[in-house]
Amino acid sequence: MADRPLDLEFVRSFFPALNDSWAFMENAGGSLVPRTVIDRVHSYMTECQVQPAAAYRASQDATERMEAGHKAVCGMINADLDEVVIGPSTTRNVITLAAAIRGWFKPGDELIVTNLDHEANNGHWRRLEEFGVTIREWQVNPKTAELEIDSLKEMLSEKTRLVCFSHCSNIAGGVNPVRQIADLVHGVGGMVCVDGVAYAAHGTIDVKALDVDFYLMSLYKLYGPHLGVMYGKRELFLEAKGQYFYFHGEDDIPLKLNPGAPNHELTAGSVGIADYIEALAAHHIDEPANDFHGRMRQVYGLFAKQEEALSNRFLDYALAHPKLDVIGRATADHARRAPTFSFTIDGMSSQEVAKRLDAQGIACGAGDFYAPRVLKAVGIDPADGVVRCSMVHYNTVDEVDRLVKALDAIMP
Ligand SMILES: Cc1ncc(COP(=O)(O)O)c(C=O)c1O
């Protein structure tokens, strides 16, 4: 029996912040949170907000709920428990990782970063130049805002130690072929550190199948609480230098790579993301997979269809409009693009466009979204930046119509 298409009324009923008074299109900044997450955080704080790992009942309860959060997050990306650090944010996790592995590099080693990406998986790696590492920049094609594999191939050599890039751009929305890039980099003996923050709401992640060395995502962009998740291959985490207290042993992974105690209630609350996925699977999928990651892939298959419908509707309008210039791929194909649309309007400031859209009930962002390098590369002044309308599966085609109407009304 065919699985049902995404039941948007059911989906939207999980999100207390969603209602018809506005259209929320700043999901790439941070997605909304389902009540399954809110309930988990609330019940943790109500029932067991105590120091975990002590002998008394409430403390044991706290420990169990935090462990469940950690386990749920690992299940989302197919990682083992000791390979996943749940830290305060992706930015903080990269700072910690860069400090933990900086001793692996010697002067003359090459580290490649891009001019496409958010600064999180970028600037703190560039700082390793202070330790003699040579920083090289994999640059986008300025006409397309795309990273091209051929230019990476030209840069790779036996000097390449680490390549940092994104699974999906938070500006252009293009999906990069992570496994292909990881294979190329491994072929010269290097490692990859992949920023999956802008990807995780749209596509499932299997760190083993991708064969990534390090992988980053932020739960607040994945319908969860404000936390960052860092995966690392076990042997690499073991070799990395601990960044917590001296008495956490070097074999105490992942704890030694947490820059302090993990956030208790939010870690526990992360189970609510899995609760949400499970509820959607139970509602839509006739023959659910046996494991959580499999059910997540089934649910994300439904997300993909909905997101393609949103992209198609927006691109039909945007590509035909002479004054609107969208960055990135002119395709709704979900395997190649997320429904994150950054654009400029000829003759209008992006900041002004966002304000005028807000006046019509459309919440979107304007600026450089901490990725000013790519804006400069494609000839846009980061100070005014782009307008970004970013959608996820809970957005409706009606909301895109509303956006289109609002854009039409403000066009110069
Ligand atoms: C693609 C991308 N990477 C990294 C980050 C940084 O994540 P965090 O806020 O968890 O540090 C963001 C945040 O906007 C992002 O969009």
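The values are calculated or read from the model by the stated rules, or taken from the named source; none is laboratory data. None of these values were measured; they are calculated from a predicted model. Cβ coordinates were reconstructed from backbone atoms using ideal geometry, including for glycine residues, and neighbour counts include every protein chain displayed. Note: areas computed on protein heavy atoms with side chains; ligands, DNA, RNA excluded. Shrake-Rupley method; radii C 1.70, N 1.55, O 1.52, S 1.80 Å.
For the stretch 39-272, what is Rg from Cα atoms divided by 2.2 N^0.38 Å, rounded to two decimals? Don't jump to the answer; show the numbers that get you there.
On the way: Rg = 18.2 Å, N = 234, 2.2 N^0.38 = 17.5 Å.
Scaled against compact globular proteins, the figure is 1.04.
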Quiz item: How high is the FRET efficiency between LYS405 and PHE245 when r is their beta carbon distance and R₀ equals 60 Å, given to the nearest 0.05?
Solution: 0.60
Practice problem: Compute the longest continuous run of the chain that contains no exposed GluC sites (Glu not before Pro); treat a site as exposed when its DSSP state is not H, G, I, E or B and it has at most 15 other Cβ atoms within 10 Å. | Solution: 251-412
Exercise. Kindly state, to the nearest 0.05, the FRET efficiency for SER13 paired with ARG234, given R0 = 45 Å and r defined as their beta-carbon distance.
Key: 0.65
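Find how much the distance from GLU154 to ASP211 grows on full extension, using 0.36 nm per residue of separation minus their present alpha carbon separation; answer in nm with one decimal. Each step should come with its number before you reach the end.
Working: separation 57, 0.36 × 57 = 20.52 nm, distance 2.18 nm.
Taking GLU154 through ASP211 to full extension adds about 18.3 nm, to one decimal.
So which helices of the chain fit the span-like rule, where a helix is a whole DSSP H run, its Cα atoms reach 15 Å or more along the axis, and its mean Kyte-Doolittle is at least 0.5? If you can, show how the numbers build up before the last one.
Details: long enough: 35-47 (17 Å, -0.61); 57-77 (31 Å, -0.49); 90-101 (16 Å, 1.02); 271-284 (20 Å, 0.65); 292-320 (41 Å, -0.31); 397-410 (20 Å, 0.42).
Length and hydropathy pass: 90-101, 271-284.
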Practice problem: As a check on your grasp of the helix formula, calculate [θ] at 222 nm for the chain: sum -39500 (n - 2.57) over DSSP H runs of n ≥ 4, divide by the residue count, round to the nearest 500. | Solution: -11500 deg cm²/dmol
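Express the carbon and sulfur contribution to the solvent-accessible surface of the stretch 39-272 as a percent, rounded to the nearest whole number, probe 1.4 angstrom. Working shown, then result.
Details: 4700 of 9130 Å².
Ligands and nucleic acids excluded, carbon and sulfur reach 51 percent.
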Self-check item: Inter-label distance, nm, simple model (7 Å from Cα along the C-beta direction), THR134/GLN180
Solution: 2.7 nm
Quiz prompt | Separation in nanometres of the label points that stand 7 Å from Cα toward Cβ, at ARG102 and TRP22 | solution = 4.0 nm
Quiz item: Share of antiparallel DSSP beta bridges in the stretch 39-272, in percent to the nearest 5?
Solution: 45 percent
Quiz item: Just THR144, THR91, THR340 to compare: in a GNM of the chain, with alpha carbon springs under 10 Å, which one fluctuates most?
Solution: THR144
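Output the relative contact order of the chain, whole-number percent, from Cα pairs under 8 angstrom with separation of 6+ residues. Before the final figure, lay out the partial values.
Numbers: 829 pairs, mean separation 95.6, N = 412.
Value for the chain: 23 percent.
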Quiz item: Quick one: if you stick a label point 7 Å off each Cα along the C-beta vector at ASP286 and THR144, how many nm between them?
Solution: 3.9 nm
Quiz prompt | Calculated P(r) tail over 40 Å for the chain, as whole % of Cα pairs | solution = 17 percent
Quiz item: What is the extension gain from ARG356 to VAL188, computed as 0.36 nm multiplied by their sequence separation minus the C-alpha to C-alpha distance, in nm to one decimal?
Solution: 55.5 nm
Quiz item: Within the accessible area of the stretch 317-380, what % is carbon and sulfur when the probe is 1.4 Å and the other protein chains stay in place?
Solution: 47 percent
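For the chain, with every protein chain kept in place, what is the accessible area per residue (1.4 Å probe, Å²)?
Details: 16640 Å² over 412 residues.
I get 40 Å² per residue for the chain.
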